[in-house]
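Read the structure below first, then the notes.
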Amino acid sequence: MIKKILCTTMFVSIALAFTIGEATAETLALLTWKGYAPKNLVEKFQKETGIEVKATYTNNEEMIAKLRATRGAGFDLAQPSQDRISSVQEKYNIYQPIDLSKVESGQVISSMLEAVKKNTLVKGKPHAVPFCWGTSGLVVNRKFAADVQDYNDLLNEKYAGRISYRLKRPTLIALAFAMGKDPFALYGDAEAYQALMEKVGQAMIEGKRLVKNYWTNGDALLESMRSGEVNVAMAWDGAGWKLNAENQDIDFLAPRSGALGWIDTFALPAKAKNIDAAYKWINFILRPENAAAFTNMEKYGTASNGAIKLTDAAVRGNFERSFPPEAIDNIKWYPPVPAKLEAIEGKILDKVKAAQ
Amino acid sequence: MIRSLPYSKTYGLSFKLYIILYFTFLFAPLLVTCVLAFNDSQFPSLPWKGFTFEWFTGNLPERVGIFHDQINLDSIWVSVRVAFFVTLLSVSVGTCGAFLFEQEDFRFKPVLYFLMLAPLVIPGVILGISILMFSTVLGIHFEETWKLDVGLFRPGFWLVVLGQFSFIATLVTLVVSARLRKFDRTLEEAALNLGANRFEVIWYITLKFLRPAILGSAAVAYLMSFENFNTTLFLVGSEATLPINLYLQVRDGSTPVINAISFLLIVGTSLAALANLYFSRKETQ
Amino acid sequence: MKRQTRWGLFLFITPVLLWLFLLIVLPHIDLLIMSFRTENDSGDMMWSVSNYLNFFHEPIYWLTFVRTAIYSVLVTLLTFIIALPVAFYITKVVAPRFQGFLTLLLLLPFWVSELVRVYGWMILLRESGVFNHFLLKLGILNKPIEMLYNDATMVLGLVYTSMLFMVVPLLSVMESLDNSLIEAAYDLGANMWTILFRIIIPHATPGIVSGSIVVFMLTLGNYLTPNLIGGKNSLWFTEQIYNQFIASFNWNQGAAFGFLLLFLSSIAVWLGLKLTKQSLRKVVQ
Amino acid sequence: MQIDLSVRNVTKKFQEFTAVDSVSFEVEKGRFFSILGPSGCGKTTLLRMIAGLTEPSSGTIEIRGESMIGIPPNKRPVNLIFQHLALFPMMKVGENIAFGLQRRGENKTVIKKKVQAILERVDLLGFENKKIDQLSGGQKQRVAIARCLVLEPAVLLLDEPLGALDLKLREQMKVELKKLQAKVGTTFVYITHDQSEALVMSDSVAVMNHGEFEQIDTPQNLYNKPKTPFVAQFVGDNNAWSGRVRQCNESTIEVETVDGFIFSTKVKETLQPGTEVDLFLRPEAMLIQPDPNISNLNRFEVVVKSILFDGANSQLLANPLNADTELLIALPQNRQYDYIQVNDKIEIGWDEESGICFPRK
C-alpha cells in the first residue's frame, strides 16, 4: 500500500518536473555579480513585465569560463567588466554585438557609454553598455590600523594575520602600482609584463604568512571585517562604504598610488534566447529611480544618467569622503586586457597560492 | 576483546569513551549547523541571540527565509529533477548491465566489465571535464558541419544528468549484480519449462527477485545525485543544483539561510533513512 | 532458444555500450587528445607535449601534485586507523541489540550532502566560531585563534568526509569474521595486538583495500573540502585543474592535468591491489 | 593418580538464567573424559569456563592443582578445539600449528622441529604449506588437534569437533581420536550431544542436563545402571512405561502399568505400594518368542506394527495387545526371526533383572 503511494508520488513528481520545470512564465537568465539583481528590483521588474529574472552569481573569470563552455548559450544577459570583453570575444566568440538602438541611451551617462563602446569594439561593433562603476582600493578598520596608506600595507608586518585580499589579477596590478610601476603601460609587452608580475608574485609569497585568508566574494569579506578577523583588506569601494554604515571605524580608502577603476557592463551572450527581455532589463535597471535604489543598497556608482540626484545623501557623502579631488584624478581605469596576460597572471597566482 | 570473552573494566570503558568521542566527532558539525539555523543573528555563529524561525519563514530584505528564497528554492527543484532523471537512467541501464555481466556470455566481456568498473577509479572532477570537453567538441562539430545547435552538447541540465549518470550507473550495476548472483537460475528454468519465454521470465521471475536491490540502489542513486558536486561543477549551466548553489554561497560568506537549508536536508534525509530502515526491516521479517 | 538469448544479449548490451562508450571511453580519449594539443604563437592549435612539459618544469604544478598524493595517502591511513576500532566495536564488542542502532547512527551523517558537513566544520572552527566561543567562555583562551585554513584542519575535513567509505566495507568484512577465530587465537596464547595483526587485519584485507581505494580516490578528487577549509596554503591538484579551466582559460593544460590525476589514481589503485594481492573484481563485490 | 582437572561447585549465571549449576568433577591424568548432554544443557559454557573464555559466577577450577580463576585463556595450560575448528584461513597449515609456539616466543628452529613432529604424529607430514581450504574435513580435524597438542597442554578441551563431519567420517574419526588420545596420553575433556561418540571414546562420561550433572560413570554403567530417568532415556534407546507399585518385597517389586500389564522387576531401594513409577526397558532386553522353559520372565503379547530393518540395528515397532504404547524391540539378524510379518501376534519376554525402575517425582 505504502509502496503504491510512493510510486504514485514518484510519477506525480515526474509530471510536475516537466510542467513546472519547462513551461513557466517568460524568464531572463542573468549571469551577474552578487548584489547586481536586488530582490526588490527583480520583483518590481516582474510586476512590470511579467518576466521572471533568474540570476546566477559569479565573477569575471567564471563568467567567461561558463560562457565559453556553453559557447554563449544558457544565459540571456551577462555582466562582465568592460576590460574583459574584447580579447575574450575575439578568441571565443561568446558575445553578440549590442544593438544600441534598443538601449535607451538617454538614460546612460554618455561619456561612460562612449568609453565602454570604444573598449568593447570587436570587428567594428560595440559589445557592451555600462551598468555601474566603482573602484578597488583598501578597506581599513581605523581602530586597529590607523596608518594604512597604500596597497603595500597589504604586505605590512604590522597587520600580520589581519590582512585579506583576493587572489585575482586586481591585486597583482594594485601591488605593481604600489611598487611605483605602471602595469597598464606594459599591457602590450608580454615579456616585460611577466617580469613585473613575477616580482609582484614574489612579494606576495613573502607576505603570505601575514594574510588571514584570500577572500573570494564580497560577503565573505564583509563578514570577516565585521567580526574583526580582518582589519586591512583590498576590496571594492562599495564594500567599504557598506561597512562604514554599520561601523564608523571601517571605511574605504583610496590608496596613494591610485584606486583601480572598473566598469561593469551588460553584454549579450552569443546564443541568448530571450534578447527582448535582456534589453527590457537593461532599460529597466538603468532607469534613474531603479539605478538609484541599486546604488543606495550596494553603494556602487551607477552609469545611469540622473540617478545621482536620487541617491541618498549618505552615498554621495561616502564618495566625497573617500575621494578628494586629487584621488579622483588618480583613479587608474582598466584598459582592455590582451588575451595573453591572463595565462601569465594565472600561473603567478597559482604560485602564490601554492607557496608555503 | 570481543563480547563473548571476558574483558577488563578499563578496556571496556576506554573503548566506550573512544566510541563516544567518535560519534561526537561525527555529529558535532551537523548539530551545530542545525542549532544555529534558529539563532536570531545575521551570521551563523555564536553568541546565541534568541530563537527565531525567520531563517525559514522570513521575508524581509535583510532576512529572506528559505521559503521565500527563490534562488535556493529553484536550485532545490533543479536538484530534485536532476536526481529523478539520473535515478531513472542509471537504474534502467545499471539493471541491463547486471543482466549482461551476470547472465550473458560474449567476446570481450572482461574488457567491458573492466570498463564498467572504470568510473570507480576516475575522480569525479576528471569525469566532469572529460564529458565537458567531449560534448564541446561534438557541439562545435555539429555546428560547423550541419549548422545544428544541439542543446545537449553544452553545459546545462541534461549534461549534468548524463555526467552524474555515467558513474552512478556503475554503482547500480554492482548492487544489482550482487543480488542477481544469489538468484537461483533453476527458477528461470522452471519458468521456461512451464512455457514462458525469456522476457516473460525476466519480467515475472527475475525482476521480482531483484526488486529490493533495484529499489535500494535507486534510493542510493537518488541521494548520490542529489549531493554530487565534483562532476556537476563543470557541467552545470544556468540551472545550478543545490550543492553548487550552496557552495557559491558558502564561499561567498554565509547567512543562517544555509543553516536552515542544511537543517531541512538533515531532517529530511534522516527521516528517509529511518523509513528505509523500517521498510527493510519489515521485508526481512 | 538460441535466438532468444541473442536477442537478450542485444537488449542488454546496447544501453551498456552506449553508456560506456559515449560517456566514459570517448570523453577520455578526447581528454587525452586535448592534452597533447597546444596553441602556438599565432593562436592555431597544434600537436605538442608542452602541456606535460609545463607540468614538469613548473615546480608549483608537480609539487601540488605530489602534495595531493601524499596527503591523500595520509588521509586514507588516518581514516583506516580511526574506523577500524569503530567497526570492531560495533560488530564484535557491543551488545547485539545495539548493533543496528549504532550502524544506523554511523551512516546517518553521510546521507547529508558533503557541503553541509564541511559547512558545519567551518561554523565550528572559524575564528568567530563555536569552538572559539566556548574556549573563550571557559577561559582556556584569552584571544580567539583561527583553526580554519590550515593543513591539519583540511586533513580533518577530508577524513571526516570520507569516513563512511571506510567504515562500511570494514563493518561488512568484520561481520564475516568468525568469533571463534579470535577465541582460538586467544586460547592459543595470543594477546590483543597479535590477534589484531595476525587474525583481524589479514581477514579484513579485502574490506580494507576496497575502503582504502574509495577513500583515496575520493580524497584525491575532492575539490570542496580543500577549497573551503584548506585556506590560503592548501592548493589541491583538483583546484589546479579548475584554475586552468576557469581562471586561465587553458583547457588543454587542464586536460593534461586531468590526465595526470587520472594516471595517478589508476597507478595508486593498481599498486594497492598488487601489494595486497587482491583483484579489483573481488574488491568491488 | 595425578588429578589434571578439578572443577568444584562451578556455577554460571547469565542474568536470570543459570547455565551451569554447581557442577563438580575431577579428571585424572591421561583420561578421556566426556560430557554428554542435549544442546542447551550448559556443556559448552562449562567447557569455555575451563578454557577461560567465560568467567564462572562462582566455584573453583584447578588445573594440575593450580587455581585458574582470573587467569586469561592465553595464560592457561589448556587448549580448546572449537566446534567449527576455527583454523585460521589466512595462514597455512604449518603457520596455524606454529601460532601458539610463536606466542610463547620459542625459537624458530625449535618451532620448526616441533611442528614437523606433531605433523608426523597426526599423519599430515608434508602438509605444512597447504592452505586450510585445500584440506578435507578429516585433515582439518587433525590440524586443529595438532595445533593444540603441539603446545602440550595439561588438558585438551574438545567442543563437539565431529559435529560438522558426515556420518561415515564421523565414525572413522571417533576411532582415530580414541587411538590418538591413547598414543599421546594427554587428558581430553570432550563434550558432545551424541551418546555414541561419548560411549565409544571415553573412559568416563558425565551426563549433563539443565546445567547439572546427572551421573558420572563409565560408559558401561551409564548404559546398564542409569541413576536417573533422564540418563536412562538419553543414553541408548529405551522403552518407557508408567505404572504403579502393587507389591514390594526387598529388592523386587510388582508394577501395574497404565495399560494393564503386571510386571515384576528389581529395584535398588524399597518402594511403598501405590508409588507412581517409570519403568524403562531396553529394546534388546525384550526377547522375541522366548523359550517357554525359562522362568522368571515377564511375558506378554504384542502386535507387530512395522519392521524397521537397519542391518545389525534392526527393530520391531509393536503395540502390546489391546494397548497403544509403542514399543521398540530389538530384532537380531540371525535369520531366526525372518518369519515375522506385520500384524503378527508374538510373545515377548523379559528378565526382571533388566527392568529399570524409578519412582516418579
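A few comments on the model shown:
- Rolling a 1.4 Å probe across the protein heavy atoms gives the protein assembly as shown an accessible surface of 43 Å² per residue.
- The accessible-area ordering, largest first, of the residues A:R169, B:R251, D:R121 stands as D:R121, B:R251, A:R169, per a 1.4 angstrom probe.
- Its relative contact order, with pairs defined as Cα atoms under 8 Å and 6+ residues apart, puts the range C:47-284 at 27 percent.
- Cross-link partners of A:K44 among aspartates and glutamates (Cα-Cα below 18 Å; sequence separation of 8 or more within a chain): A:E26, A:E52, A:D276, A:E289, A:E298, B:E62, B:D69
- DSSP-defined antiparallel bridges as percent of all bridges, the protein assembly as shown, nearest 5: 75 percent
- Shielding of B:19-32 by partner chains, average beta-carbon count, 10 Å: 6
- On association of chains C and B, roughly 8700 Å² of accessible area becomes buried (total for both chains; probe 1.4 Å).
- Along chain B, longest interval not containing exposed GluC sites (Glu not before Pro), exposed being DSSP loop plus at most 16 other Cβ atoms within 10 Å: B:105-285
- Restricting the range A:48-150 to GluC sites (Glu not before Pro) that sit in a DSSP loop and have at most 16 other Cβ atoms within 10 Å of their own Cβ leaves A:E104.
- Averaged over the residues of peptide A:197-204, the number of Cβ atoms from other protein chains lying within 10 Å of each residue's Cβ is 0.
- Given a 1.4 Å probe and the protein chains as shown, A:K332 ends up with an accessible area of around 50 Å².
- Rel. contact order, % - alpha carbon contacts under 8 angstrom, at least six apart, chain D: 15 percent
- Residues within the reach of a label modelled at C:T205 (point 7 angstrom out along Cα to beta-carbon, backbone nitrogen below 16 Å), restricted to the range D:86-106, are D:88-96.
- Ranked order, B:I205, D:I35, D:I294 - accessible area, probe 1.4 Å, largest first: D:I294, B:I205, D:I35
- Between the range B:209-238 and the range B:241-273, the alpha-carbon centres lie 18 Å apart.
- Members of A:K125/A:K280; A:K66/A:K340; D:K29/D:K178; A:K117/A:K199; A:K181/A:K347 lying beyond 23 Å, as alpha-carbon distances in this model show: A:K117/A:K199
- Net charge dipole size for chain C [Lys, Arg +1 and Asp, Glu -1 on Cβ; Debye, nearest 20]: 820 debye
- Debye equation applied to the C-alpha atoms of chain B, log10 I(q)/I(0) at 0.07, 0.15, 0.16, 0.17 Å⁻¹: -0.40, -1.21, -1.26, -1.31
- Protein heavy-atom surface of the protein assembly as shown, 1.4 angstrom probe: 59% of the accessible area is carbon and sulfur, with nucleic acids and ligands not counted.
- Within 10 Å of each Cβ in D:83-92, the average number of Cβ atoms from other chains: 5
- The heavy atoms of C:W19 present about 10 square angstrom of accessible area, all protein chains included, probe 1.4 Å.
- Centroid-to-centroid, using Cα positions, the range C:114-144 and the range D:213-251 are 78 Å apart.
- Counted charge near A:N141, where neighbours are those whose Cβ lies closer than 11 Å (Asp, Glu -1; Lys, Arg +1): +1
- Positive-end residue, the range A:133-224 charge dipole about Cα centroid, Cβ charges, pick of A:L175, A:W215, A:S136: A:W215
- Dipole magnitude (debye, nearest 20) for the protein assembly as shown, charges at Cβ of Lys, Arg, Asp, Glu: 1840 debye
- The modelled label-to-label distance between D:I340 and A:A190, using points 7 Å beyond Cα along the C-beta direction, is 11.1 nm.
- Across the options B:I2, C:L228, A:Q89, the greatest Cα extent toward the positive end of the charge dipole of the protein assembly as shown (unit charges at beta carbon of Lys, Arg, Asp, Glu) belongs to A:Q89.
- Antiparallel DSSP beta bridges within the range D:3-230, as percent of all bridges there, nearest 5: 55 percent
- Rounded if a/c under 1.5, otherwise prolate or oblate - chain D, Cα gyration tensor axes: prolate
- Take every DSSP beta bridge whose two residues both sit in chain A; close to 60 percent of them are antiparallel.
- For B:K9 and C:K274, the FRET efficiency from 1/(1 + (r/R0)^6), where r spans their Cβ atoms and R0 equals 45 Å, is about 0.55.
- Charge context of A:K332, other residues only, Cβ under 15 angstrom, K/R +1, D/E -1: -3
- Neighbour-limited loop hits for GluC sites (Glu not before Pro), the range D:295-361 (at most 14 other Cβ within 10 Å; DSSP other than H, G, I, E, B): D:E326, D:E353
- Heavy-atom accessible area order for D:R8, A:R162, largest first, 1.4 Å probe: D:R8, A:R162
- Area hidden from solvent between A and C (accessible, protein heavy atoms only, 1.4 Å, total, Å²): 2500 Å²
- Positive minus negative residues near A:Y36 (Lys, Arg vs Asp, Glu; Cβ under 10 Å): -1
- Annotation for the A:B interface, with buried accessible surface near 2800 Å², both sides summed [1.4 Å probe; non-protein components not counted].
- Separation between Cα centres of the range C:248-285 and the range C:146-207, rounded to whole Å: 24 Å
- With all protein chains modelled, accessible area of C:S266 [1.4 Å, Å²]: 50 Å²
The values are calculated or read from the model by the stated rules, or taken from the named source; none is laboratory data. Not measured: the values here are computed from a predicted model. Cβ atoms come from the backbone with ideal geometry, glycine included; neighbour counts cover every protein chain shown. Ligands, DNA and RNA are excluded from the accessible area calculation, which covers all protein heavy atoms including side chains. Shrake-Rupley method; radii C 1.70, N 1.55, O 1.52, S 1.80 Å.
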